[in-house]
Amino acid sequence: MAFDERKFQDIMGEFSATTEYLREVAQNFRQDLQLGLKDVSSSSMRMLKSYVGLPTGKETGEYLALDFGGTNVRVLRYKLEGDGHSKVIRYVAEPLIREGEYNYVGKGSTQVQMFDFFAKLIDDTIEGDRDTKFYLGHTFSFPSSQDDLNNAKLIVWTKEFATEGVEGEVVNDLLLAALKRRGINNVKPVAVINDTVAVLLSAAYKHSDIFIGSIYATGHNTCYLEPTIHDAKGFGKGGMILNLECGNFMKLTPNRFDTAFDQKSEKPGEQRFEKMVSGRYMCELFGMAIAELLDEDKHYDGLTSVDMSMIISDVSADLEKVAEIMSNKVGHNLELGDLKKIQELASAIVIRSARLVTASYVGIIWQRASGGTIQPQHIAVDGSVYEKMPLVQENINRALSELLGEDAAKVDTILDNGGSGIGAAIAAAMAV
Ligand code: GLC
């Protein structure tokens, strides 16, 4: 079959984001920040206080880091050496789902199973040592409310997590209880931070001129240093880092695929921005648009963002990889013209994502500049979509230029690989 040209153009139009529209999104984002700074209930974002500012770069010592926020959990033992240097001494990582063996994140799984699993991984990392005193920083990448650096309570699961008994609980209390059950009394959790905060701490440990940290991966979220908020304990002289939870940003226009997917997601009405831009969701939108092109009333949910990445990267004359993925995952052997359209569609979804994410960064840059001069700065980003998805970085740069004009020369994004682990160790060092 050949796809209907009009229908294809219509779908492509749904995924376009003009400069004018991006400017509107950036302005709305800034306005939402301003509203939230006055009264957080009037912003669509949670704007959660992290009770931490930027590190000095001089933090030293050995710390444990528990990094949990996606389908893999990692425990690391770090040595912070100061001057932005650090070493990994030990590293343990396991998936939270092993098909046919266990699933700690799906419906029916419990907090005891999940946190006992974390305690086991911590035990593996300290190699059964019950004597040395360890301080642990915990990167917990879900919206949590806290009133100090350690007491983070999970507000609500995101990213389709559904483990029972964690929402509403103080996560380090659950961790401490699990450590006790395992007979580990020498590991003390002292800090909980979001992964965006971890990326910002990690990048700021090494470089100056960093005020924004972001995750662009399975999920999407950003934090920044807000100069007007200070903590009574004197944390963060340059201000406090706010975890925006901007995956929940609402002031933008979803297209019909965004709306239809949201309706069937685990939590309809929530995380609307994240559902338009992050890796967990772009492939869902892609699957839905493909079904429409094929005139089928199906939801192709077997496609992943890695498939999209391979589809976009296929430079072969007959689009072999695209054909293979369409045949294996969608069950159709498409002609070349249609394969080209599939490739264009995947690109359009990714480009829209990169452009919208950039608009959110620009909203923060404008807010920090408060109408004055934009400071030269790097935006620290970590995550598979940013690192590996073709078209993303070049489209971020393009959108920065469209929105900032000459000032774009002052701003760039840098990859902070693994920041979500080391950031937890830095937070632990700052806490003790
Ligand atoms: C989701 C979480 C957020 C996290 C982001 C990236 O949006 O709610 O806390 O930072 O995913 O992992």
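One table, with the values for the structure above:
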| item | result |
| --- | --- |
| Selection from region 397-420 of residues that are under 25 Å from Asn194 (Cα atoms) and either aromatic (Phe, Trp, Tyr) or over 16 Å from the mean Cα position of the chain (by Cα) (or both) | Val411, Asp412 |
| Any hit, region 126-138, residues being modelled with pLDDT under 95 and either surrounded by 15 or more Cβ atoms within 10 Å (Cβ to Cβ) or within 16 Å of the ligand (Cβ to nearest atom) (or both) | no |
| Criterion: within 16 Å of the ligand (Cβ to nearest atom) and not basic (Lys, Arg) - qualifying residue of Asp173, Asp148, Asp195, Asp209 | Asp195 |
| Residue in region 284-298 that is outside any helix (DSSP H, G or I), among the basic types (Lys, Arg) and modelled with pLDDT under 95 present | yes |
| When residues of region 151-165 are limited to those that are at positive phi and within 16 Å of the ligand (Cβ to nearest atom), the one surrounded by the fewest Cβ atoms within 10 Å (Cβ to Cβ) | Glu160 |
| Residue within region 302-320 that is within 22 Å of Tyr21 (Cβ to Cβ), within 16 Å of the ligand (Cβ to nearest atom), crowded, with 20+ Cβ neighbours inside 10 Å and not hydrophobic (A, V, I, L, M, F, W, C) present | no |
| Residue, surrounded by the most Cβ atoms within 10 Å (Cβ to Cβ), within region 259-288, restricted to residues that are in contact (Cβ under 8 Å) with a residue 40 or more places away in the chain and of a type in the set (Ser, Thr, Tyr) | Ser278 |
| Candidate set from region 250-280 (those that are in a loop (DSSP other than H, G, I, E, B) and among the small types (Gly, Ala, Ser)); member that is nearest to the ligand (Cβ to nearest atom) | Ser278 |
| Counted residues, region 42-71 - those being of a type in the set (S, T, N, Q), modelled with pLDDT of 95 or more and surrounded by fewer than 18 Cβ atoms within 10 Å (Cβ to Cβ) | 2 |
| Where a residue in region 1-22 is acidic (Asp, Glu) and its partner, wherever it lies, is modelled with pLDDT of 95 or more, with Cβ under 7 Å and at least six apart | Glu14/Asn255; Glu14/Arg256; Glu14/Phe257 |
| When residues of region 378-412 are limited to those that are of a type in the set (Asp, Glu) and free of Cβ contacts under 8 Å to residues at least 60 places away in the same chain, the one nearest to Gly137 (Cα to Cα) | Glu387 |
| From Gly219, Gly168, residue being touching a residue at least 12 places away in the same chain (Cβ under 8 Å), over 20 Å from Ile426 (Cα atoms), small (Gly, Ala, Ser) and away from the ligand (no atom under 12 Å from the Cβ) | Gly168 |
| Subset tally (residues that are crowded, with 24+ Cβ neighbours inside 10 Å, of a type outside the set (Phe, Trp, Tyr) and not in a loop (DSSP other than H, G, I, E, B)) for region 196-224 | 17 |
| Test: residue in region 72-79 that is within 16 Å of the ligand (Cβ to nearest atom), surrounded by 18 or more Cβ atoms within 10 Å (Cβ to Cβ) and assigned to a strand (DSSP E or B) | yes |
| Test: residue in region 363-374 that is without any contact (Cβ under 8 Å) to a residue 60 or more places away in the chain, in a helix (DSSP H, G or I) and out of contact with any strand residue (DSSP E or B) (no Cβ under 7 Å at 6 or more places or on another chain) | yes |
| Leu415 surrounded by fewer than 23 Cβ atoms within 10 Å (Cβ to Cβ) and either in contact (Cβ under 8 Å) with a residue 24 or more places away in the chain or in contact with a strand residue (DSSP E or B) (Cβ under 9 Å, 6 or more places away or on another chain) (or both) | yes |
| Region 168-181, residues that are under 16 Å from Val75 (Cα atoms) and either in a loop (DSSP other than H, G, I, E, B) or in contact with a Cys (Cβ under 9 Å, 6 or more places away or on another chain) (or both) | none |
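The values are calculated or read from the model by the stated rules, or taken from the named source; none is laboratory data. Everything numeric here is computed off the predicted structure, so don't read it as measured data. Ideal geometry is used to build each Cβ from the backbone, glycine not excepted, and the neighbour counts take in all protein chains shown.
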